[in-house]
Amino acid sequence: MKGRVFSGARPTARQHLGNYFGAIRNYVALQKDYECVYCVVDFHALTSMVDTTHLREYTFEMVLDWLAAGIDPQRSIVFVQSHVPQVLELATILGMVTPLGWLTRLPTFKDKVREQPDNVNYGLVGYPVLMAADILLYKADTVPVGDDQASHLEITREMVRRFNARYGEVFAEPQMKLTEAPRILGLDGSAKMSKSLGNTIELADSPEEIARKVMSAVTDPARQYRTDPGNPDVCNIFTLHKLISSDDDALEQIDRDCRSADIGCVEHKRMFAEELIEYLAPFRQIREQYASRPDAVWDILRDGAERARVIAAQTMEEVRQAVRLP
Ligand code: ATP
Ligand code: MG
């Protein structure tokens, strides 16, 4: 039997290079051998999004990104979290096997408290419980995510052990699946590329926007003058360049020329921007095709929710019996 994959992302903006190289690339590749379930986690977005005016638009835009990147809605289930409300039922039950201390000591929780001190809501504390419910409702064994999600996956596994010990073997411990680039840095070259930090290059950015953002990016921070030798090992642009290029000879040449100060950062950024624009051209093209048929995209999500509901109903039947809910 095929294994099952689950992953999700918050509809807080369009997807960026970090999402792509850290997660979406695996979403696409895993479709070959797994039954895949990909979810727009709108409830999770509400933990930090106060103004929901754009929630529907961001949901649509994110799904466009996924489809354009190669997620096949015939093969995989693509749906919106809130369209299958059983996840809330499972989250409630999982909450009972989750000591509060596990949640409040998580570094991801502490980061959020720092980011939004005036909005430390109950949902924010429960974020990992809802995430575990997502994964377990669909009985996924494999979860493709970036490495910022490692602690959430670990806590999911602990919840499985607790749940099974208390109520009997219902769930298996899911495994995290990283890409070879599990943590992409942002344009600042130091923090994780992240929607909430605004240091991203979005997959759907226009060529002009890509060029503008690349030219503003931080390279080797120690290289101040054009004549200084550069160090590609610590240059985020070089790291990104290696991800989009398969021309090893050209990359080696850039590496040498940078170290000897034969090319400067501006020159290298120009080359990289040009290649990135070209690399994303097919993506932009497919995305436009889907964008011109919004009804078809919402139909994909409706169909995805129907298929997801079938799995969710089976799991909840089993959970209710195990917990002995009357
Ligand atoms: P937000 O700031 O709203 O949390 P985000 O940019 O962190 O947004 P998410 O929607 O939280 O994006 O993440 C979606 C997926 O992309 C997750 O699997 C996450 O681990 C992965 N991911 C996000 N940022 C990066 C990154 N910089 N490098 C690698 N993977 C990433
Ligand atoms: Mg995030």
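Of note, Arg226 does not satisfy the criterion of being modelled with pLDDT of 95 or more and more than 30 Å from the chain's Cα centre (by Cα).
Filtering the stretch 159-176 down to residues that are assigned to a loop (DSSP other than H, G, I, E, B) and crowded, with 19+ Cβ neighbours inside 10 Å, which residue is nearest to ligand 1 (Cβ to nearest atom)? Here the answer is Pro174.
One line per residue, one yes/no per condition, for (1) within 8 Å of ligand 1 (Cβ to nearest atom); (2) open to solvent by less than 10 Å² (accessible area, probe 1.4 Å); (3) under 16 Å from Asp141 (Cα atoms):
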residue	(1), (2), (3)
Arg4	no, no, yes
Ala13	yes, no, no
Phe21	yes, yes, no
Ile24	yes, yes, no
Val28	no, no, no
Cys39	no, yes, yes
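Would you check if there is a residue in the stretch 98-111 being in a helix (DSSP H, G or I), within 13 Å of ligand 2 (Cβ to nearest atom) and open to solvent by less than 50 Å² (accessible area, probe 1.4 Å)? Yes. The residues of the stretch 193-218 that are under 18 Å from Phe238 (Cβ atoms) and either among the hydrophobic types (A, V, I, L, M, F, W, C) or within 12 Å of ligand 1 (Cβ to nearest atom) (or both), listed by number, are Met193, Asn199, Ile201, Ile210, Ala211, Val214, Met215, Ala217, Val218.
Taking the stretch 86-97 as the range and being among the hydrophobic types (A, V, I, L, M, F, W, C) and assigned to a helix (DSSP H, G or I) as the test, the residues that pass are Val87, Leu88, Leu90, Ala91, Ile93, Leu94. Would you check if there is a residue in the stretch 65-74 being surrounded by fewer than 23 Cβ atoms within 10 Å (Cβ to Cβ), away from ligand 2 (no atom under 16 Å from the Cβ), modelled with pLDDT of 95 or more and on the phi > 0 side of the Ramachandran plot? Yes: one or more hits. May I ask you to list the residues in the stretch 137-158 that are surrounded by fewer than 23 Cβ atoms within 10 Å (Cβ to Cβ) and assigned to a helix (DSSP H, G or I)? Once the filter is applied, which keeps residues that are surrounded by fewer than 23 Cβ atoms within 10 Å (Cβ to Cβ) and assigned to a helix (DSSP H, G or I), the stretch 137-158 yields Asp147, Asp148, Gln149, Ala150, Ser151, His152, Leu153, Glu154, Ile155, Arg157, Glu158. Between Glu306, Glu288, Glu318, Glu278, the distinction of being under 30 Å from Cys235 (Cβ atoms) and either of a type outside the set (Phe, Trp, Tyr) or in a helix (DSSP H, G or I) (or both) belongs to Glu278 only. The residue that is farthest from Glu275 (Cα to Cα), counting only those in the stretch 207-244 that are in contact with a Pro (Cβ under 8 Å, 6 or more places away or on another chain) and crowded, with 16+ Cβ neighbours inside 10 Å, is Arg223. The residue that is nearest to Phe283 (Cα to Cα), counting only those in the stretch 177-203 that are open to solvent by less than 70 Å² (accessible area, probe 1.4 Å) and outside any loop (DSSP other than H, G, I, E, B), is Glu202.
The values are calculated or read from the model by the stated rules, or taken from the named source; none is laboratory data. Remember, it's a predicted structure, so these values are computed and weren't measured experimentally. Virtual Cβ from ideal backbone geometry, glycine too; neighbours counted across all protein chains shown. Note: areas computed on protein heavy atoms with side chains; ligands, DNA, RNA excluded. Shrake-Rupley method; radii C 1.70, N 1.55, O 1.52, S 1.80 Å.
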